[in-house]
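The structure under discussion is supplied below as structure tokens; questions concerning it will follow.
Readers should treat all values here as calculations from the given coordinates under stated rules, not as data from a laboratory. Every value quoted in this text rests on a predicted model; they were computed, and no experiment measured them. Note that we place each Cβ from the backbone using ideal geometry, even for glycine, and neighbour counts take in every protein chain shown.
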Amino acid sequence: MSKRFASALLALVFALAAVTPAFAADDAAAAPPDGASAKEEVIYFNLDASGKVLGAYAVNSFPGGEITDYGDYSELRVLNTEDEIGYSDGVVTLSSAADKVYYQGTLENAELPWDISLSYKLDGEDIDPEQLGGASGALEIRFTVTENPRSAGSFYSDYALQANFTLPGGCCSDISAPDATLASVGADKQLTFTLLPGEGIDTRITAEVEGFHMPAVSINGIHLNLNVDVDAEGIKGQVSELVGAAAQLSNGAAALASGSGALLDGTAGLRDGAESLTSGIESLDSGVGELQSGLAAMQAGLSELSAKSPELTGGAARLAAGLNELSAELAAFDVNAEIASMLAAVAPQIEALTGAGAEARSAAETLKGGVSGLVGEAMSAYMQISAAVEANTAAEGVIDAVLADEDIAAALAEKGYNLGSVKAALQGSSAVMNGVVTTVSGALGSFSGSISALETALNNLDTAAGGLTTAISGLQAQAGAIGAKVERLKSGVAALTAGAAELSGGAGAYASGVTQLLGGFGSVMSGVGALAEGTGELLAGAGELNSGTSELYGAVAALCEGAESMAAGAGELHSSAGSVDVQAQVDELLGEIGGSMDAPESFVSAENGVISSVQFVIQSEAVEASEAEPEPEPPAEEPTLWQRFLALFGL
């Protein structure tokens, strides 16, 4: 039984209790409790508006006949008959033929079992109740009830109180009383406070008031004797059901704790896998960035080589043209008649040819150096791409390991993370990088072939130039054998012409290869850019996955902790519910709120012993608004002489 239920029960008891005595002579008297006299007492206390006791009197009732009663009275009177009443040294005597007789006695030195206090504040400042009538502002009423240690008997422990405040609706608004029951009585609000036996109160009532006034506060006290017949067996059956339910709850909580522990372990693996995946994708993203930088440098080198290719092809073409012209002139040359003029004629051409060969050799050496650097950069990029492909493969392995655990895969799917898409993205990036490797490898192969042809042509040119030099030197040294030398010269020029043709073809193939490689680099750079963008998105997704798995781990850890606490609490509930003594608990609870089960002792005098009933009716003074004093009438004006004259004639 809760205190709320007890308060509701008390309200019903107060509503049904006869708080004030009835004076009808034909009322049937209730049978008194065992061992108690038929006497009934209603004790009235008058308080001022602050709760201070102003006076007290008792209304005593008896069945008719010879009556002897005890009490400390200053005044006595019979209420419902004309019978004489006697009083001497605290002894009251009365003889009445009425079925029931009531007499009232004014009590001397009576102590109320409760110390009651009413204090007031207006706009936060203390105010006396005498000054409160008619005031306006923010009102606070503090109502306290405590035990009066000067009062004898067990009334504080055995009696319940009900205090009623009435706040007029015409002057009070925004009423608040957290500990009271509020009811509307017409336009007014009635506030009811119910106090269990042995309990006091310290509460506040607040309201906005204008021209404040308040009727008397009434407080009723009755002996609370709740002889409640409790179906203990029925409660025991319900407790048994509770024990069974607690056992099921305990088992379920234990299973939940075990399952949440396993889930926590799986979530820890998922979190670690997500961290490894994020680390691998970070390495991949870094490698793709380095690949972009290397390919950009390689593209710049190819652009520079492409810009220098016209110089090489132009020099080779000019060399081939000069050799063809020289070969034609030598074919038509008459050795015997024109050898001297021939030598003179070809000397400038040989000199020009030697310069062109040197020019071609210089351009070829420059080209060869650039090619070596380009090949080195291409190899570095190739290694970076290979490392990135390996990082992709490692990341795919981590994803396969995570997806192999069905519980983890299901948890990720519920969170919206699709590692299958991540794996597909990694495979796509690997395909792009393998394409880059294939393209670069093919271009390098073609480029290497062109370089080999160029070197062969240069070697042939060197050989032919050496033969030409030797022929000319021999022709000059042996003028007598010049004919034979001329033939050898023709052979050398023919070989040189063939070598120049090969050089021109190789230079063209080289320039075409550089152009082709440079054109293909646009697709390579675009693919690598797409790869970089994809790895960036993949890295962002991996970061979200890592954050999500960390949050999931924290949530599962909290779930695990809560499940363990729930399991412990359910086990404790099961253990404690099984040991409940229902009857003892019910008896103890009713004892706490029901006061004493015994009949009360007389409040007026202990010499009266145990009597049928004692009730208390307590009332404070009202807070009245002071009446406004009438304004004095203005003094009559003295009539003028003319008015007096007219009055003589009745005018």
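What is the calculated FRET efficiency for ALA300 to GLU351, with r their C-beta to C-beta distance and R₀ = 30 Å, to the nearest 0.05?
0.20
At 7 Å along the Cα-to-beta-carbon direction for both ASP72 and THR192, put a label point, then send me their distance in nm to one decimal.
Once both label points are built, they end up 3.6 nm from each other.
If a paramagnetic tag sat 7 Å from the Cα of SER550 along the Cα-Cβ line, which residues of region 523-544 would have the backbone N under 18 Å from that point?
From region 523-544, the list is 539-544.
With the Cα gyration tensor of region 117-168 giving a ≥ b ≥ c as the square roots of its eigenvalues, does the rule (a/c under 1.5 for rounded; else a/b larger than b/c for prolate; else oblate) give rounded, prolate or oblate?
prolate
Applying 1/(1 + (r/R0)^6) with R0 = 30 Å to the Cβ-Cβ distance of THR144 and ASP598, what FRET efficiency is obtained, to the nearest 0.05?
Approximately 0.55, to the nearest 0.05.
How high is the FRET efficiency between THR438 and ASN251 when r is their beta carbon distance and R₀ equals 60 Å, given to the nearest 0.05?
Once rounded, the FRET efficiency stands at 0.40.
Got a sec? Which residues in region 274-313 would a label at SER386 touch, if it sits 7 Å along Cα→Cβ and we count backbone N under 15 Å?
No residues fall inside that zone.
Which of the three applies to region 46-139, rounded, prolate or oblate, going by the alpha-carbon gyration tensor with a ≥ b ≥ c and a/c under 1.5 meaning rounded?
On the way: a/c = 4.26, a/b = 3.05, b/c = 1.40.
Prolate.
Put a dot 7 Å past each Cα toward the Cβ at GLU406 and ASN109; how far apart are the dots in nm?
Computed distance between label sites ASN109 and GLU406 equals 9.2 nm.
Please work out how much length the chain gains when fully extended from GLU125 to SER452, using 0.36 nm per residue of separation minus the C-alpha to C-alpha distance, in nm with one decimal.
Length difference between fully extended and current span is 106.8 nm.
Assuming 0.36 nm per residue, please report the length gained on full extension of the stretch LEU539 to SER575 beyond their Cα-Cα distance.
So the extension gain works out to 7.6 nm.
Subtracting the Cα-Cα distance from 0.36 nm times the residue separation, let me have the gained length for ALA557 to MET525 in nm, one decimal. Don't jump to the answer; show the numbers that get you there.
On the way: separation 32, 0.36 × 32 = 11.52 nm, distance 4.69 nm.
Length gained between ALA557 and MET525: 6.8 nm.
So for the pair SER173, SER50, with labels modelled 7 Å out along Cα→Cβ, what separation do we get in nm?
With each label placed 7 Å out from Cα toward Cβ, I get 3.2 nm.
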